[in-house]
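Enquirer: Okay, here's the structure, questions in a sec.
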Amino acid sequence: MRLLALTLKSSRRADKQTFALRMLRAAAISTPRLDKMPGMFFSAPAKELKGTDHSLLDDKTPKRRPKTFGMDVKAYLRSVIPHLESGMKAAKSKDILSADEVIQWSQSLEKLLTNQTGQVVFGRFLKSEFSEENMEFWLACEDYRQTQSDLLRYKAEKIYKAFVHSDAAKQINIDFRTRESTAKKMKAPTPTCFDEAQKVVYTLMEKDSYPRFLKSNIYLNLLNDLQANSLK
């Protein structure tokens, strides 16, 4: 009897060991290796990570930027003013903008609008105030004044429907008399038929939007960055 009990006990122990080995093998087959899982924990196999050069991470010495006296306008403005070219059709600005040039924008609205980059920056500011139609109308009038005679009616109707008509999608803020006067001129469009309305819009921007622009973060940050860049 004692011999039979020892035999049964040994058999149960062997069964447990066999079961444990089977479980370990199953786990080894079903468990994926972490270093073989793309995008998980490792971007490369573990062996390759050992030889990775971490000098860029370890080097904390500040790198001095090259000294420049201008700034890449397109790259800078895209970084500080999202969707810079959205809704704007101004002429292409030159690549380098200086602090002195931006300072001149504060002398008068005329100085600002005669600068191509100034048109873009001011137009973006107006868009932030939901009044970009004033700038777009002013630019459209400047372009219209140079239109050939055989295209005057076509362009005049487009501008009138877009900005002046009472149901215009981008209706400008002009008085009733000016709106009616401009409507009558549409019967026989001339190169100057929008001059009166353009003057009203210009005065509105000059007295209202322009002073706020000079105090805005869009203008002040651009000027400060350009001035700091010129000192490096």
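Enquirer: Taking the stretch 153-174 as the search range and keeping residues that are open to solvent by 70 Å² or more (accessible area, probe 1.4 Å) and in contact (Cβ under 8 Å) with a residue 24 or more places away in the chain, which one is farthest from THR203 (Cα to Cα)?
Expert: Applying the filter and picking the extreme gives ARG153.
Enquirer: Let me ask you something else. Checking the conditions here, which among PHE137, PHE122 is under 21 Å from SER181 (Cα atoms) and in contact with a helix residue (DSSP H, G or I) (Cβ under 6 Å, 6 or more places away or on another chain)? Talk me through it step by step, then tell me what you get.
Expert: Working: PHE122 fails: under 21 Å from SER181 (Cα atoms).
None of the others qualify; the one that does is PHE137.
Enquirer: Still on this structure, I have one more. For the stretch 186-223, what are the residues that are farther than 20 Å from SER108 by Cβ, surrounded by fewer than 20 Cβ atoms within 10 Å (Cβ to Cβ) and either in contact (Cβ under 8 Å) with a residue 40 or more places away in the chain or of a type outside the set (D, E, K, R) (or both)?
Expert: Let us first name the residues in the stretch 186-223 that are farther than 20 Å from SER108 by Cβ, namely 186-194, 196-197, 217, 221.
Filter once more, so that each one left must be surrounded by fewer than 20 Cβ atoms within 10 Å (Cβ to Cβ): 186-188, 190-192, 196, 217, 221.
MET186, ALA188, THR190, PRO191, THR192, ASN217, ASN221, listed by residue number.
Enquirer: Output the residues belonging to the stretch 93-127 that are outside any helix (DSSP H, G or I) and under 20 Å from the mean Cα position of the chain (by Cα). Lay out the reasoning, then the answer.
Expert: Initially, the stretch 93-127 is screened for residues outside any helix (DSSP H, G or I), giving 93-98, 105-108, 114-115.
Hits for the stretch 93-127 are SER93, LYS94, ASP95, ILE96, LEU97.
Enquirer: Of the residues SER131, SER149, only one is farther than 12 Å from GLN198 by Cβ, open to solvent by less than 20 Å² (accessible area, probe 1.4 Å) and of a type in the set (S, T, N, Q); which?
Expert: Just one listed residue meets the conditions, SER131.
Enquirer: Now a separate question. If we scan the stretch 195-213, do we find a residue that is under 28 Å from the mean Cα position of the chain (by Cα) and not in a helix (DSSP H, G or I)?
Expert: Within the stretch 195-213 (the criterion being under 28 Å from the mean Cα position of the chain (by Cα) and not in a helix (DSSP H, G or I)), the answer is no, since none of the residues qualifies.
Enquirer: On the basis of being at pLDDT 95 or above and of a type outside the set (Ser, Thr, Tyr), does ASP150 make the cut?
Expert: no
The values are calculated or read from the model by the stated rules, or taken from the named source; none is laboratory data. Worth saying up front: this structure is predicted, and the values here are computed from it rather than measured. We place every Cβ from the backbone using ideal geometry, glycine too, and count neighbours over all the protein chains shown. For accessibility, only protein heavy atoms count, side chains too; no ligands or nucleic acids. Shrake-Rupley method; radii C 1.70, N 1.55, O 1.52, S 1.80 Å.
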